[in-house]
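The values are calculated or read from the model by the stated rules, or taken from the named source; none is laboratory data. Since the model is a prediction, treat every value here as computed from it, not as a measurement. Here the Cβ positions follow ideal geometry from the backbone for every residue, glycine too, while neighbour counts run over all protein chains shown.
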Amino acid sequence: MGSAMRVLMVSTYPPQRCGIAEYTRALVRELSGRYGVSVVVFAEKRSWTRTLVALDGRALVVRGWSRRGRIDLLRALRLLASFKPDIIHIQHEYGLFKSRLAFTLGLLFLKLLGFKIVVTLHTVCDVLQMAKRGISPTWDKIISRLADAAIVHTIRSAKLLRAYGWDKNRCTVIRHGASETDGITDLSGREKVDVLFIGFITPRKGVDLVIDALSRLRDDGVDNWTFTVAGFPHPASLERDLPYLRRVLRKIAESRLGEKVRLIIEYLSYEKMEKLLKEADIVVLPYRELHGASGILRLVAAHGKAVVVSDVGEFSEEIRDMVNGLVFKPGDIEELADKLKLAILDDSLRNKLGQELYRTIAARNTWRNVAKLTVEVYERVLYGH
């Protein structure tokens, strides 16, 4: 592939706090730095946005749309006319484009102008979950008619898209990328084992289950641990999830675990997450549901930490119990307590699980490899091979 390929990436972008924003930045840096792709990011504009046009490495970032459907049409048209992208690559999540009509009309407009469109669907829900979110399966069917190719992160997502009418030849599974780190830190022999929950605090991520499980361990005399809760509700769902955060804090206060729990209730920078992961012995991801890829799982894998996960979504595809992690039935507090006890009491098991997690996820799914596979999708769309 020559350096002439031009990609217009439509996405959220840092400093916006969002997993898709971080995903896009990591991908863009590899595409523009290693593969010579010319990338312009057409990013979401928020109320706090001060700079509408900026450089990030070799990529130009232009802010001009909002998730409510408002778009700086003049800026968008000028961008299309001046940049003349070969590919328009949209990073999609159901909550990111709340105006279905505006998004559909935008896709149709781009298609009529003759642009090639690739959509990464970070979340793909089954019919039941779509109904809970107030979304019709017709939404994915519309995208399938207008996009030239789709990228998803899990096998389950690919199967769902095919059920919604996608041609399997236009749908590619590319696992979420994992960042390079300074290596695995061996924390064996510490007096207290640090159990970490990290990420956005929302009911579906189930941090309340860990409080109940650790309370059981303490009642059983397993006391050589501390529990760190680090994160905050997602900015886009703050009003909805703040009551849950208050319930979690109240549960901690009522559990008499106060002195064993460290609370870091804030939006976490990437650097802060890296620091917390280096300090952790065990990371627990007790999600009640998961409909796409977990960026946090990649960070955990990159640091080679032992992970305890629920048997949902991508975790079911990626984590094998007692091989590269510990797996429990979603919502089963007793089994979660048993898995945590196993990891807390066995240094050698934690090290083995962490090393295997690094080998099976982080080493195989580098951002370099993600970018390479993404370029292959672009080439198939443009050149048919």
_of a type outside the set (A, V, I, L, M, F, W, C) and at pLDDT 90 or above: is that true of Ser38 in this structure?_
yes
*Considering only region 305-323, how many residues are within 17 Å of Ala178 (Cα to Cα) and crowded, with 22+ Cβ neighbours inside 10 Å?*
6
*asked:* Which of the numbered conditions does Arg246 fail, given that it passes all the others? Conditions: (1) of a type in the set (D, E, K, R); (2) out of contact with any Ser or Thr (no Cβ under 9 Å at 6 or more places or on another chain); (3) more than 27 Å from Leu96 (Cβ to Cβ).
replied: (3)
*asked:* Looking only at region 1-35, count every residue that is at pLDDT below 90 and charged (D, E, K, R) and tell me the total.
replied: 2
*asked:* Return the residues of region 203-246 that are assigned to a strand (DSSP E or B) and either under 30 Å from Gln16 (Cβ atoms) or among the hydrophobic types (A, V, I, L, M, F, W, C) (or both); say none if nothing qualifies.
replied: Trp225, Phe227, Thr228, Val229, Ala230, Gly231
_Hits in region 310-344 (condition: within 11 Å of Ile282 (Cβ to Cβ) and not basic (Lys, Arg))_ = Gly325, Leu326, Leu340, Leu342, Ala343, Ile344
*Got at least one residue in region 258-276 being among the aromatic types (Phe, Trp, Tyr), touching a residue at least 12 places away in the same chain (Cβ under 8 Å) and touching a helix residue (DSSP H, G or I) at 6+ places or on another chain (Cβ under 6 Å)?*
no
*So Asp56, is it over 22 Å from the mean Cα position of the chain (by Cα) and in the same structural domain as Thr374 (by TED's automatic domain parsing)*: no
_Residues within region 189-245 that are without any contact (Cβ under 8 Å) to a residue 60 or more places away in the chain and among the polar types (S, T, N, Q), tallied_ = 4
_Going residue by residue through region 330-339, is there one that turns out to be touching a residue at least 60 places away in the same chain (Cβ under 8 Å), buried (at least 22 other Cβ atoms within 10 Å of the Cβ) and assigned to a helix (DSSP H, G or I)?_
yes
*Which one of the conditions (1) in contact with a helix residue (DSSP H, G or I) (Cβ under 7 Å, 6 or more places away or on another chain); (2) surrounded by fewer than 18 Cβ atoms within 10 Å (Cβ to Cβ) does Val124 fail to meet, given that it meets all the rest?*
(2)
*Right, Val300: farther than 30 Å from Pro85 by Cα and not in a helix (DSSP H, G or I) or not?*
no
_Could you tell me how many of the residues in region 261-276 are outside any loop (DSSP other than H, G, I, E, B) and either at pLDDT 95 or above or farther than 21 Å from Gly206 by Cβ (or both)?_
11
*Quickly run through region 283-317 and pick out the residues that are modelled with pLDDT under 95, touching a Leu at 6+ places or on another chain (Cβ under 8 Å) and of a type in the set (D, E, K, R).*
Glu314
*asked:* Considering only residues that are closer than 15 Å to Leu285 by Cβ, of a type in the set (Lys, Arg) and touching a Ser or Thr at 6+ places or on another chain (Cβ under 8 Å), which ones fall in region 165-214?
replied: none
*What single numbered condition from (1) under 22 Å from Ala280 (Cα atoms); (2) of a type in the set (Ser, Thr, Tyr); (3) under 17 Å from the mean Cα position of the chain (by Cα) fails to hold for Thr360?*
(3)
